[in-house]
Amino acid sequence: NAGVTQTPKFQVLKTGQSMTLQCAQDMNHNSMYWYRQDPGMGLRLIYYSASEGTTDKGEVPNGYNVSRLNKREFSLRLESAAPSQTSVYFCASSSYGGTEAFFGQGTRLTVV
Amino acid sequence: AQSVTQLDSQVPVFEEAPVELRCNYSSSVSVYLFWYVQYPNQGLQLLLKYLSGSTLVKGINGFEAEFNKSQTSFHLRKPSVHISDTAEYFCAVSDGNTGKLIFGQGTTLQVKP
């Protein structure tokens, strides 16, 4: 069982570069989420998608865009990376109603 | 708006001693409550969850938590910890509708031999 798969696992970007973080789940879940984890701040929601074709902003959406490509895949794009976006990014998914979220292994992003 | 406060950023404890990690939440609606564990350089794994029913919830690895509505708390406990329990623990709340999670700041449990 793959669960939630994120790529890449590590990435170093220069300020101003763009990149897309990929996420796929094989549990037939309706909802998918992107969080960022920073020391002492827990995880904060960037964007989420309640179902295929819909996306909504979370707590910290500035500087990010998302695409819900199909039911399985939810990508996060940084158009112009900034050092403040250095973080660990987690993708998660849950069935409708959100009784439990399953997390990927994370992408450690450094912007220099 | 919902919020979660984990009252201790670090909890050092000796092996085989009991431990309690404290979590308080605020919400104007009914909530689902969760504890997740994160081992170094890994993703988050669900320890236990409270959705409804019995206020004492048992999870994996011998952990349990008690939902206290009057005190808006959901403290995590284990009667005897092991070295392998060293990790970061996150308390989280969801409205049970969108599935969006609001996390606490995290508590690092350091189990010493």
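Just so it is clear, none of the values below were taken in a lab; they were calculated from the coordinates. In this text the structure is predicted, and so the values were computed from the model without any measurement. Methodologically, a virtual Cβ is constructed for each residue, glycine included, from the backbone with ideal geometry; neighbour enumeration extends over all protein chains shown.
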**Modelled label reach - residue A:17, point 7 Å along Cα→Cβ, segment A:83-112 residues with backbone N closer than 11 Å** = A:110-112
**Prompt:** If you build a Gaussian network model of chain A, linking Cα atoms that sit under 10 Å apart, which residue out of A:42, A:58, A:16 swings the most?
**Reply:** A:42
**Item:** Overall dimensions of the protein assembly as shown by Cα: Rg and Dmax, Å
**Value:** 17.4, 51
**Test item: B:42-53 mean partner chain Cβ contacts at 10 Å** = 3
**Fill in**
If R0 = 22 Å, then residue B:54 and residue B:29, at their Cβ-Cβ distance, give a FRET efficiency to the nearest 0.05 of 0.60
**Asked** Any number yet on Rg/Rh for chain B, C-alpha, Kirkwood?
**Response** 0.95
**Request:** Return, ordered by residue number, the residues of segment B:77-113 whose backbone nitrogen is under 16 Å from a label point located 7 Å along Cα→Cβ of residue B:66.
**Result:** B:77-80
**Message:** Given N residues in segment A:15-56, what is its alpha carbon radius of gyration divided by 2.2 N^0.38 Å?
**Reply:** 1.40
**Asked** When all alpha-carbon pairs of chain A are counted, what percent fall beyond 18 Å?
**Response** 44
**Message:** With 10 angstrom as the radius, rank A:103, B:67 by how many other C-beta atoms surround their C-beta, starting from the fewest.
**Reply:** B:67, A:103
